[in-house]
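The values are calculated or read from the model by the stated rules, or taken from the named source; none is laboratory data. From a predicted model like this one, the values you see are computed outputs, not experimental measurements. Every residue, glycine among them, receives a Cβ derived from its backbone with ideal geometry; neighbour counts consider all protein chains shown.
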Amino acid sequence: MFENASRTEVSLLGEFGLIDHIAKSFTNKQASTIKGIGDDAAVIDKDEENVTLISTDLLVEGVHFDLHYMPLKHLGYKAVTVNLSDIYAMNGIPQQITVSLAFSNRFSLEAIEELYAGIKRACDFYGIDLVGGDTSTSHSGLMLSVTAIGTCKKDQVTYRSGAKEHDLICVTGDLGAAYLGLQLLEREKKIFLETPGAQPDLEGFDYILERQLKPEARKDMIQFLHDNKLKPTAMMDISDGLSSELHHIAKQSNVGITIYEDKLPIDPIVYNNAQELGLESTTCALNGGEDYELLFTIPQSLFELVKNTEGISIIGHCTAAGTGINMVSKAGTQYDLPAQGWKAV
């Protein structure tokens, strides 16, 4: 199936290069498979009007979370919401989840109960059911895999591939807070390890900590789109950083993209916290990741409907194929915008 003449380091491909490399060797054989690898969720035919959406995420201790500062209840909640976000990113409604867990003997029954308390809280808040999963032993900490299952009307499924030249680029909420929260927690962890017994200095950072430890999937924004009969031309969630996600939409829709720095939704709290931590808020917004906001494109004809909608920012527009992904700075200078979001490998 694969014909590599010599050893190739996976890091040379990166996470998404690896996915593309594997996917090109597989073809869909079932007529019910409408969309396989390559979007926020797989799309499976359900009946004459509806499809089933399926998405899976794997969280590994030491890679995706650190139990020095991530409470188990928060971890359970976050593991669910980041999966639900993928279903919402397809313009769908999540209905069920399965949870698979591998853990070492350092975790007690009470610790596992705490993890599932967070999972239950997310299930209750988003109105979904836990319908199965698996448990296993791990020799290297905690691993948590969640599969989300949802539904959508066939004519409402929104892929990454539908953006057109001149479409407006929109973002929900604000960006950069989750990354700042992570940097703050890492700073305090380092201080604690160097000075055991030191108390964390977290005062004034409530917002960015919540965005990192307890993110929310944008169920409310999907409801807004449905209520207003507004179907984006392309959509995905912002998990790996805005710049990275813009590249995905540009590639899969075969368009160029131009965004404007002064249009990026950066909360004043985020701007101030970034300065306190010695970071640039624009960089955090572009490359930080884990915001789990929605990035979507709409035709220019919907400008009036969206422009004054609280919680949605129009940050740019799609351009002709081959024009690249660019950002116009606050000073008016246009430059290439590389994909510098989070990478797994």
Exercise. Being within 27 Å of Q183 (Cβ to Cβ), surrounded by fewer than 16 Cβ atoms within 10 Å (Cβ to Cβ), in contact (Cβ under 8 Å) with a residue 60 or more places away in the chain and not polar (S, T, N, Q) narrows it down to one of V63, V80, so name that one.
Key: V63
Exercise. Please work out if G173 is within 30 Å of C318 (Cβ to Cβ) and out of contact with any Phe, Trp or Tyr (no Cβ under 9 Å at 6 or more places or on another chain).
Key: no
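Say we look at segment 154-200 and pick out the residues that are β-branched (V, I, T) and free of Cβ contacts under 8 Å to residues at least 12 places away in the same chain; which of these is surrounded by the fewest Cβ atoms within 10 Å (Cβ to Cβ)?
Filtering segment 154-200 down to residues β-branched (V, I, T) leaves 157-158, 169, 171-172, 191, 195.
Filter again for free of Cβ contacts under 8 Å to residues at least 12 places away in the same chain, leaving 191, 195.
Working: I191: 13, T195: 9.
Filtering segment 154-200 for residues that are β-branched (V, I, T) and free of Cβ contacts under 8 Å to residues at least 12 places away in the same chain, the one surrounded by the fewest Cβ atoms within 10 Å (Cβ to Cβ) comes out as T195.
Which residue out of A285, A320 is touching a residue at least 40 places away in the same chain (Cβ under 8 Å), hydrophobic (A, V, I, L, M, F, W, C) and surrounded by 24 or more Cβ atoms within 10 Å (Cβ to Cβ)? Break it down into steps so the answer makes sense when it comes.
On the way: A320 fails: surrounded by 24 or more Cβ atoms within 10 Å (Cβ to Cβ).
None of the other options fit; the residue is A285.
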Quiz item: Which ones in segment 12-53 are surrounded by 16 or more Cβ atoms within 10 Å (Cβ to Cβ), of a type in the set (A, V, I, L, M) and farther than 19 Å from H248 by Cα?
Solution: I34, I44, V51, L53
Quiz item: Restricting the first residue to segment 247-260 and requiring it to be over 13 Å from T323 (Cβ atoms), which pairs with a second residue that is of a type in the set (F, W, Y) and surrounded by 17 or more Cβ atoms within 10 Å (Cβ to Cβ) meet a Cβ separation below 8 Å and a spacing of at least six or different chains?
Solution: H248/F16; Q252/Y159
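Quick test for you: out of A320, A274, A331, A285, pick the one residue that is touching an Asp or Glu at 6+ places or on another chain (Cβ under 6 Å) and not assigned by TED's automatic domain parsing to the domain that holds G92. Show your work before the answer.
Details: A274 fails: touching an Asp or Glu at 6+ places or on another chain (Cβ under 6 Å); A331 fails: touching an Asp or Glu at 6+ places or on another chain (Cβ under 6 Å); A285 fails: touching an Asp or Glu at 6+ places or on another chain (Cβ under 6 Å).
Of A320, A274, A331, A285, the one residue that is touching an Asp or Glu at 6+ places or on another chain (Cβ under 6 Å) and not assigned by TED's automatic domain parsing to the domain that holds G92 is A320.
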Quiz item: Residues D124, D47: which one is free of Cβ contacts under 8 Å to residues at least 24 places away in the same chain, more than 22 Å from D291 (Cβ to Cβ) and either assigned to a loop (DSSP other than H, G, I, E, B) or under 18 Å from the mean Cα position of the chain (by Cα) (or both)?
Solution: D47
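Residue-by-condition table, conditions (1) in contact with a Ser or Thr (Cβ under 6 Å, 6 or more places away or on another chain); (2) of a type in the set (G, A, S); (3) under 23 Å from E216 (Cβ atoms):
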site: K231; (1), (2), (3): no, no, yes
site: I266; (1), (2), (3): yes, no, yes
site: A274; (1), (2), (3): yes, yes, yes
site: S281; (1), (2), (3): no, yes, yes
site: C284; (1), (2), (3): no, no, yes
site: Y292; (1), (2), (3): yes, no, yes
site: T297; (1), (2), (3): yes, no, yes
site: T309; (1), (2), (3): no, no, yes
site: G324; (1), (2), (3): no, yes, no
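Looking at D240, D262, D291, D267 in this structure, which one is modelled with pLDDT under 95 and under 19 Å from G173 (Cβ atoms)? Steps first, please.
Numbers: D262 fails: modelled with pLDDT under 95; D291 fails: modelled with pLDDT under 95; D267 fails: modelled with pLDDT under 95.
It is D240.
If you take the residues of segment 201-219 that are exposed (fewer than 15 other Cβ atoms within 10 Å of the Cβ) and over 21 Å from A285 (Cβ atoms), which of them is nearest to the chain's Cα centre (by Cα)?
Step one: filter segment 201-219 for residues exposed (fewer than 15 other Cβ atoms within 10 Å of the Cβ), giving 201-204, 206.
In the following step, the residues that additionally are over 21 Å from A285 (Cβ atoms) were identified as 201-203.
Working: D201: 28, L202: 25, E203: 27 Å.
For segment 201-219, the residue satisfying everything is L202.
Only residues that are of a type in the set (D, E, K, R), more than 20 Å from the chain's Cα centre (by Cα) and assigned to a helix (DSSP H, G or I): list them for segment 83-120, please.
Applying the first criterion (of a type in the set (D, E, K, R)) to segment 83-120 yields 86, 106, 110, 113-114, 120.
Add one more test, that the residue is more than 20 Å from the chain's Cα centre (by Cα), and what stays is 106, 110, 113-114, 120.
Residues satisfying the conditions are E110, E113, E114, K120.
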